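To start, the structure itself, in structure tokens.
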Amino acid sequence: MKALITGISGFVGSYLAEYLLDSGEWEVAGTVYGPYDNIADQCDRLELYPAELSRLDVVTFILERAQPDAIFHLAAQPLVSASRRDPWGTIETNVRMQLNILEGVARVNPVCRVLAVGSSEQYGLVMERDLPISEDTPFRPLSPYAVSKVGQDLLALQYYLTHGLHVVRVRPFNHIGPRQRLGFVAPDFASQIAAIERGLREPVMEVGNLEAERDFSDVRDVVRAYATLITSGTAGQVYNIGSGESHAVQEILDILLSMSQVSVAVRQDPARMRPSEVPRIVCDCTRIREEIGWQTTISFKDSLRDVLDYWRDEIRKDA
Ligand code: GDD
């Protein structure tokens, strides 16, 4: 089987590439936009296409050349905060790339499978009575990013219904791990601690909303779900991906600090606060567990330890 991973050099893409290659069952191609750092060790095992996926002619060219059996479409603008600064930029980028992938598959190779990556953000405003969030929870999006993911998800459904494409739709909840870039909570906190440890910044942590409770999984568990769903998931179906437990952002801070010797002051940075936030999110992962037997295997604490070690390494390399 041959996979094409869009956004292969990104946080999730690099782990998915490793997982598929290590399984011995996949040849892996990928599209790259931006730096190659995350896949530098694997480049000789990969077929790479530097590409701008917002152009349909580029997408069809890649599909004709690579001839994949399955596409994991991960490339996207992933930051909720960036989508508030540039709403149309995020909606245009995410929806256009998804549309081009689906249209390209319909034109070039309609039997190719597609994994369409949505987000738990699509559910948006959920109340305590809506928890845990199942796939049937209505969409009440709270950011342009969330709307872009609703758009991607519904385009995937439409191409399944009207073109018969084998599309599997996923709605991952928060995921963390080494290589995740700044702008997300775990790297934002871990990078500050690592810099404080090396004396590169004052012992003051800048944080946003510590009370929000989110369902965090490790990226290495998430890519295992993607790989299993592309072969064993039901076409047209949608799957939540999460741990089924929620953790307060405060816990991330406490766990990371408990792994370090530094003592810090904690300061709330108004710029890190979000205009609209749901207090608590928990994933109902019954469907994915029952249909493919997937569940998380890496604990929250182990994941955070790896994130902190990664940032210690990054800061040491830069120092
Ligand atoms: N980024 C960030 N930085 N978030 C902070 C900080 C901080 O310093 N302090 C507190 N938070 C809180 C945010 O307010 C939010 O409630 C929570 O930490 C998680 O924020 P992020 O890690 O930025 O993730 P996200 O929830 O906005 O979005 C991520 O998860 C979605 C799935 O639920 C992204 O990965 C999206 O692409 C993904 O769809």
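The values are calculated or read from the model by the stated rules, or taken from the named source; none is laboratory data. Please read these numbers as outputs of a predicted model, since none were measured by experiment. In this analysis, Cβ positions are derived from the backbone assuming ideal geometry, glycine residues included, and neighbour counts consider all displayed protein chains. When the accessible area is computed, the model is the full protein with side chains, heavy atoms only, and any ligands, DNA or RNA have been set aside. Shrake-Rupley method; radii C 1.70, N 1.55, O 1.52, S 1.80 Å.
Over the range 243-319, Cα pairs under 8 Å with separation of 6+ residues give a relative contact order of 48 percent. The angle between the Cα long axis of helix 219-232 and the main principal axis of the chain comes to about 20°, on a 0 to 90 degree scale. Along the chain, the longest continuous region that contains none of the GluC sites (Glu not before Pro) in a DSSP loop with at most 13 other C-beta atoms within 10 Å is 53-210. Less than 5 angstrom separates the built amide H of Q237 from those of R169, all sequence-distant by 5 or more or on a different chain.
Between the helical axis of 56-66 and the longest alpha-carbon principal axis of the chain there is an angle of about 80 degrees.
Under a 5 Å amide H cut-off, with hydrogens placed 1.01 Å from N, V266 pairs with M205 among residues at least 5 apart or on other chains. The charge dipole of the range 1-51, taken about the Cα centre with unit charges on the Cβ atoms of Lys, Arg (+1) and Asp, Glu (-1), comes to about 180 debye, rounded to the nearest 20.
Among 38-45, 104-111, 74-81, 189-196, sorting by the average number of other beta carbon atoms lying within 10 angstrom of each residue, highest first, gives 189-196, 74-81, 104-111, 38-45. The Cβ shell under 12 Å around T296 holds other residues with a net charge of -2, Lys and Arg each +1, Asp and Glu each -1. Using a probe of 1.4 Å on the protein chains alone, the accessible area found for M97 is around 20 Å². The slack between S260 and R289, meaning 0.36 nm per residue of separation minus the straight C-alpha distance, is 6.9 nm. Between 0 and 90 degrees, the angle of helix 185-197 with respect to the longest Cα principal axis of the chain falls at about 40 degrees.
Among P68, P270, P141, which one moves the most in a GNM of the chain with springs linking Cα atoms closer than 10 Å? Between P68, P270, P141, it is P270 that shows the largest mean-square fluctuation. Looking at the chain alone, DSSP beta bridges between its own residues are antiparallel in about 5 percent of cases. Normalised by 2.2 N^0.38 Å, where N is the number of residues, the alpha-carbon radius of gyration of the range 136-289 equals 1.23. Contact order, relative form, for the range 112-251: 31 percent (alpha carbon pairs under 8 Å, 6 or more residues apart, mean separation divided by residue count). A Förster radius of 45 Å, combined with the Cβ-Cβ distance separating M273 from Q67, puts the computed FRET efficiency at roughly 0.40. Its relative contact order, with pairs defined as Cα atoms under 8 Å and 6+ residues apart, puts the chain at 18 percent.
Couplings 3J(HN,Hα) of the range 291-302, computed from phi: 7, 10, x, 7, 8, 6, 10, 9, 6, 4, 5, 5 Hz, in residue order, whole Hz [Karplus 6.51 cos²θ - 1.76 cosθ + 1.60, θ = phi - 60°; x for Gly and Pro].
Measuring nothing but alpha carbons in the range 17-84 and taking Rh as the Kirkwood radius, the Rg to Rh ratio lands at 0.99.
Here the Karplus relation 6.51 cos²θ - 1.76 cosθ + 1.60, evaluated at θ = phi - 60°, turns the backbone of the range 97-104 into coupling constants of 5, 4, 4, 5, 5, 5, 5, x Hz, with x for every Gly and Pro.
Each principal axis of the Cα cloud of the range 167-248 was evaluated for its coordinate range; sorted largest first, these ranges are 52, 24, 17 Å. The phi torsions of the range 70-87, fed into the Karplus equation with coefficients 6.51, -1.76 and 1.60 and a -60° offset, translate into couplings of 8, 10, 9, 8, 9, 4, 5, 8, x, 9, 4, 5, 5, 5, 6, 6, 9, x Hz, rounded to whole numbers, with Gly and Pro shown as x.
With a Förster radius of 45 Å applied to the C-beta separation of D136 and A319, the computed FRET efficiency comes to 0.35. Counting charges near A116 (Lys, Arg +1; Asp, Glu -1) among other residues having Cβ under 12 Å from its Cβ returns a value of +3. Compactness check for the chain: Cα Rg over 2.2 N^0.38 Å is 0.98. Per-residue ellipticity at 222 nm computed for the chain from its helices equals -13500 deg cm²/dmol, with DSSP H segments shorter than 4 residues left out and the rest contributing -39,500 (n - 2.57). Were the residues from A82 through T228 laid out at 0.36 nm apart, the gain over their Cα-Cα distance would be 49.5 nm.
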